[in-house]
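What follows is a single structure, written as structure tokens, with notes after it.
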Amino acid sequence: MFKMLVPKLRVNTVFDINLEELYEQGYRGIISDLDNTLVGAKAPLATPELVAWFKKVKEIGFQLIIVSNNQLERVSKFATPLDIQYVHKARKPINAPFRKAMKMMNLTNEQTIVVGDQMLTDVYGGNRLGLYTVLVLPIAINEEGFMTRFFNRRVERIALTRLRKQGLWTDIEEEKKP
Ligand SMILES: [Mg+2]
């Protein structure tokens, strides 16, 4: 079961994803988490660096949709000024929001990448549908909500201990994860 929590790729930030390479491999769409993946959970707007990244994503030829478990107000405030489509209150890891986003992009599972900072929601949800899953380090762990902090992260730690024992998780040097 814990195997489904292992992402295809682990990077520090979204900026470390080799977009060109993934495009060459046939991927055309990115389903991105918002909180602690693109910005800190309490940061309302994109940084200039992130705005530039969105532009690059588009220029390479990717579509991008934000799929967030957060409320409409938070997600729309962030996404609307950038003209980015979104699915809010997604209830990841259930399948529906991922399927909805792929439908919005008119893409198949084989063409879709999922990016997020949580193994239990982003990675697990994406893996179950056979999407290419990318785990980033959370931007601001101290801004996380109660559920994330006291449930999801705890389960992640348990999963990581197990995965390390099974040799399914090798720590990378720069990683700061518990
Ligand atoms: Mg998140």
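The values are calculated or read from the model by the stated rules, or taken from the named source; none is laboratory data. None of the values given here were measured: they were computed from a predicted structure. Note that we place each Cβ from the backbone using ideal geometry, even for glycine, and neighbour counts take in every protein chain shown. Areas reflect the complete protein model, heavy atoms only, side chains present, ligands, DNA and RNA absent. Shrake-Rupley method; radii C 1.70, N 1.55, O 1.52, S 1.80 Å.
For segment 61-77, the tally of residues that are in contact with a strand residue (DSSP E or B) (Cβ under 7 Å, 6 or more places away or on another chain) and within 14 Å of the ligand (Cβ to nearest atom) stands at 5.
Pairs are defined by a Cβ separation below 9 Å, a sequence spacing of at least 6 or placement on different chains, a first member in segment 59-88 that is in contact (Cβ under 8 Å) with a residue 60 or more places away in the chain, and a second member that is part of a helix (DSSP H, G or I); no pair meets this definition. Any residue in segment 20-38 that is within 16 Å of the ligand (Cβ to nearest atom), closer than 29 Å to LYS77 by Cβ and among the charged types (D, E, K, R)? Within segment 20-38, one or more residues are within 16 Å of the ligand (Cβ to nearest atom), closer than 29 Å to LYS77 by Cβ and among the charged types (D, E, K, R).
Being open to solvent by 10 Å² or more (accessible area, probe 1.4 Å) and within 18 Å of LYS56 (Cβ to Cβ) is the filter here, so list the residues in segment 18-37 that pass it.
Initial filter on segment 18-37 (open to solvent by 10 Å² or more (accessible area, probe 1.4 Å)): 18, 20-21, 23-28, 33, 35.
Matches in segment 18-37: ASN18, GLU20, GLU21, TYR23, GLU24, GLN25, TYR27, ARG28.
For segment 110-120, residues that are touching a helix residue (DSSP H, G or I) at 6+ places or on another chain (Cβ under 7 Å) and more than 22 Å from THR47 (Cβ to Cβ) total 3. For segment 21-31, does any single residue satisfy the condition of being of a type in the set (Lys, Arg) and within 15 Å of the chain's Cα centre (by Cα)? No, that holds for no residue.
Listed here are the residues, each with its yes/no results for (1) more than 12 Å from the ligand (Cβ to nearest atom); (2) modelled with pLDDT of 95 or more; (3) closer than 24 Å to LEU45 by Cβ.
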residue: PRO81; (1), (2), (3): yes, yes, yes
residue: TYR86; (1), (2), (3): yes, yes, yes
residue: ILE94; (1), (2), (3): yes, yes, no
residue: PRO97; (1), (2), (3): yes, yes, yes
residue: GLY125; (1), (2), (3): no, yes, no
residue: LEU129; (1), (2), (3): yes, yes, no
residue: GLU174; (1), (2), (3): yes, no, no
